[in-house]
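*Asks:* Have a look at the structure that comes next, please.
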Amino acid sequence: MLSPGQAADSPRFIPVMDKIRVRGPVGRPRTRPAAAAGDKAYSSRANRAYLRRRHIKAVIPEKADQAANRKKGRRGGCPVSHDTDL
């Protein structure tokens, strides 16, 4: 998908993920990869919810401001998982 040069890439994450087709040796192409990697720009609530809904592992580091907002309150929220080896 093409977007203007000055536009952010993050809003294009979900449409691109919807178009992924991974061909295997036999059968129909897979539409759900095991994991999706990205930089901090793709660390939005909508992108992470989309990946959780489709059972795709998110390999996206959390932004500092998102971590700070998550830690407000009594319970501190649930930290996002980030597999640095993957």
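The values are calculated or read from the model by the stated rules, or taken from the named source; none is laboratory data. Quick caveat: nothing in here was measured; it's all calculated off a predicted structure. Positions of Cβ are generated from backbone atoms using ideal geometry, with glycine treated the same way; all protein chains shown enter the neighbour counts.
*Asks:* Collect the residues in the stretch 45-61 that are touching a helix residue (DSSP H, G or I) at 6+ places or on another chain (Cβ under 6 Å) and not in a loop (DSSP other than H, G, I, E, B), keeping them in residue-number order.
*Replies:* Start the filter on the stretch 45-61 by keeping residues that are touching a helix residue (DSSP H, G or I) at 6+ places or on another chain (Cβ under 6 Å), which leaves 47, 50, 58, 60-61.
Selection gives ASN47, TYR50, ALA58.
*Asks:* Output the residues belonging to the stretch 5-39 that are loosely packed, with under 12 Cβ neighbours inside 10 Å and assigned to a helix (DSSP H, G or I).
*Replies:* PRO15, VAL16, ASP18
*Asks:* What single numbered condition from (1) at pLDDT below 85; (2) surrounded by 13 or more Cβ atoms within 10 Å (Cβ to Cβ); (3) out of contact with any Gly (no Cβ under 8 Å at 6 or more places or on another chain) fails to hold for ARG70?
*Replies:* Going through (1) at pLDDT below 85; (2) surrounded by 13 or more Cβ atoms within 10 Å (Cβ to Cβ); (3) out of contact with any Gly (no Cβ under 8 Å at 6 or more places or on another chain) one by one, ARG70 breaks only (3).
*Asks:* Somewhere in the stretch 20-33, is a residue under 24 Å from ASP85 (Cβ atoms) and either at pLDDT 90 or above or basic (Lys, Arg) (or both)?
*Replies:* Yes.
*Asks:* Also: I'd like the full set of residues that are within 24 Å of ASN69 (Cα to Cα) and not β-branched (Val, Ile, Thr), limited to the stretch 2-35.
*Replies:* Scanning the stretch 2-35 gives ALA8, ASP9, SER10, PRO11, PHE13.
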